[in-house]
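Notes follow the structure.
Every number here is computed from the coordinates shown, using simple stated rules; none is lab data. Every value quoted in this text rests on a predicted model; they were computed, and no experiment measured them. Don't worry about glycine lacking a Cβ; one is built from the backbone with ideal geometry, like all the others, and counts go over all protein chains shown.
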């Protein structure tokens, strides 16, 4: 679909779901897509309830490079807003639940906070899983030690490849971005300073991390929202999480001891393994839709 600035994003739809059934919209994480394991799991969970489901592939993540110089980033909420507007324009009576995972969770929470009381009534509930609410400590953690060698190296490999492709296709890209510096980047600090900040009007990487973080927007969230997080998440330091007791009435936290980052594996591995968080997300939304508050356990950590 076309975006307001002349770019595009792709929506991938799950099979099934009756016309008029509730719709689950999934927002993936950094360098993810509709093929990410959690996106597939969430869409299957929605289909199991007879709902429709779709995943929003952020710019450049559907397998086709986007048109404009800007890629997606952790605080870019305009494309989500455009997608919601499109869906509601097509189907005014739509019941829409949204789940964001990792970066997608940050985008979702920030968008809900930006819209506050003005969030569309059709968005009946939301779930944010493994969300980096404060980007600065998360980026700093990812730029050190094991995280840098494994997670960051993997993310930046595909991100640098997109920079290389964009530089070949867009003459203006190299004017705005120091491409050689970007291709040398081995940390998020280096990449975001070379690419994300100049492309999106931020002063530098720390300005980006501060202004794109969803934590300051949590207090303004008015739609029933569940935050699911594991305290052993290697990418998101536990100290950076919001205080469950300080959340607004609409927001509930289920912070559990174990689960890693977007993992939460339970069941018999590998034959019958599943994700507790994915099941809980759909369960919460189904409860909100039924008027039961999603079976929410309150704004508290679960130990």
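Quick notes on this structure:
- Degrees between helix 78-90 axis and first principal axis of the chain (Cα, 0 to 90, nearest 10): 40
- DSSP-defined antiparallel bridges as percent of all bridges, the chain, nearest 5: 20
- Helix 103-115 axis, angle to the chain major axis (alpha carbon atoms, nearest 10°): 70
- Calculated FRET value between residue 114 and residue 157, using beta carbons and R₀ = 35 Å, to 0.05: 0.65
- Taking 86, 30 and counting other C-beta atoms within 10 Å, the order from fewest to most: 86, 30
- Reducing the range 48-110 and the range 132-193 to their Cα centroids gives an inter-centroid distance of 22 Å.
- The candidate values are (i) 22.3; (ii) 23.2; (iii) 19.5; the one derived from this structure for Kirkwood radius over Cα pairs in Å carries the label (iii).
- When the Cα gyration tensor is reduced to axis lengths a ≥ b ≥ c, the ratio a/c is 1.5 or higher for the range 139-212, and with a/b not above b/c it is classed as oblate.
- Residues 282, 26, 163 arranged by fewest to most Cβ contacts within 10 Å: 163, 282, 26
- Per-peptide packing, taken as the mean over residues of other Cβ atoms within 10 Å, places 245-258, 185-198, 101-114 in the sequence 101-114, 185-198, 245-258 from highest down.
- Crossing angle, helix 276-289 versus the chain [Cα axis fit, 0-90 degrees, rounded to tens]: 60
- Three-way shape call for the range 40-137 based on the alpha-carbon gyration tensor, with the a/c threshold at 1.5: rounded
- Footprinting exposure proxy for 228, 265 (fewest neighbouring C-beta atoms within 10 Å first): 265, 228
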